[in-house]
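**Student:** Before we start, here is the structure in question, set down as structure tokens.
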Amino acid sequence: MDTAQDFVQTLFYVYLLLIFAYIITSWIPLPYNIWLNRIQRFLYDVVDPYLRLFRRFVPQLSLGGLGLDLSPLFAIVTLLVANRLVQEGIEALR
């Protein structure tokens, strides 16, 4: 792989990890700790603007009294497809 491809792919995977960390920290109630609060705030600031794009179009799934937000699923799939398209575009330029 070429350096540009490695760089772009690493960026995509780091953002994917941030999305997964955001999902996990939003599901699990964490005890209040200043460092955990800062981490959650960082994840919210980095990931939530991207997820809001999908929340406009994907309604929450209601299961009894619970609401399930499916926007992270669509965001991850879109990110993986975009990664693949960018990788193919970089490959075509070589």
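**Student:** Out of ASP6, ASP2, ASP45, which single residue is touching a residue at least 12 places away in the same chain (Cβ under 8 Å) and charged (D, E, K, R)?
**Tutor:** When all the criteria are applied, what remains is ASP2.
**Student:** Something else now. Give the residues of segment 58-79 that are in contact (Cβ under 8 Å) with a residue 12 or more places away in the chain and not polar (S, T, N, Q), sorted by residue number.
**Tutor:** Going through segment 58-79, the residues in contact (Cβ under 8 Å) with a residue 12 or more places away in the chain turn out to be 58, 69-72, 74-76, 78-79.
Across segment 58-79, the qualifying residues are VAL58, ASP69, LEU70, PRO72, PHE74, ALA75, ILE76, LEU79.
**Student:** For a quick check of your reading of the model, give me the residue pairs whose first member lies in segment 9-26 and is under 13 Å from LEU73 (Cα atoms), whose second is assigned to a helix (DSSP H, G or I) and of a type in the set (S, T, N, Q), with beta-carbon atoms closer than 9 Å and at least 6 apart or on different chains.
**Tutor:** LEU16/ASN83; TYR22/GLN40
**Student:** Only one of ILE90, ILE76 is modelled with pLDDT under 90, of a type in the set (Val, Ile, Thr) and in a helix (DSSP H, G or I). Can you tell me which? Working first, answer last.
**Tutor:** On the way: ILE76 fails: modelled with pLDDT under 90.
Only one candidate passes the filter, namely ILE90.
**Student:** Okay, moving on. Consider ILE28 against the criteria (1) farther than 14 Å from VAL86 by Cβ; (2) of a type in the set (A, V, I, L, M, F, W, C); (3) modelled with pLDDT of 90 or more: it satisfies all of them except one. Which criterion is unmet?
**Tutor:** (3)
**Student:** Return yes or no: is ARG84 of a type in the set (Lys, Arg) and modelled with pLDDT of 90 or more?
**Tutor:** yes
**Student:** Residue by residue through segment 1-48, note down the ones that are loosely packed, with under 15 Cβ neighbours inside 10 Å, in a helix (DSSP H, G or I) and among the aromatic types (Phe, Trp, Tyr).
**Tutor:** Those that are loosely packed, with under 15 Cβ neighbours inside 10 Å, in a helix (DSSP H, G or I) and among the aromatic types (Phe, Trp, Tyr): PHE7, TYR13, PHE20, TRP27, TRP35, PHE42, TYR44.
**Student:** Here's another thing I want to ask about it. Please go through segment 27-53 and pick out each residue that is farther than 23 Å from PHE74 by Cβ and basic (Lys, Arg).
**Tutor:** ARG38, ARG41
**Student:** Exactly one condition in (1) of a type in the set (S, T, N, Q); (2) loosely packed, with under 10 Cβ neighbours inside 10 Å; (3) assigned to a helix (DSSP H, G or I) is false for SER62; which is it?
**Tutor:** (3)
**Student:** Evaluate the following for VAL58: is it among the β-branched types (Val, Ile, Thr) and at pLDDT 90 or above?
**Tutor:** In short, no.
The values are calculated or read from the model by the stated rules, or taken from the named source; none is laboratory data. What you see is a predicted model, and the numbers here were worked out from it, not measured in a lab. No Cβ is skipped: glycine too gets one built from the backbone with ideal geometry, and neighbour counts run over all protein chains shown.
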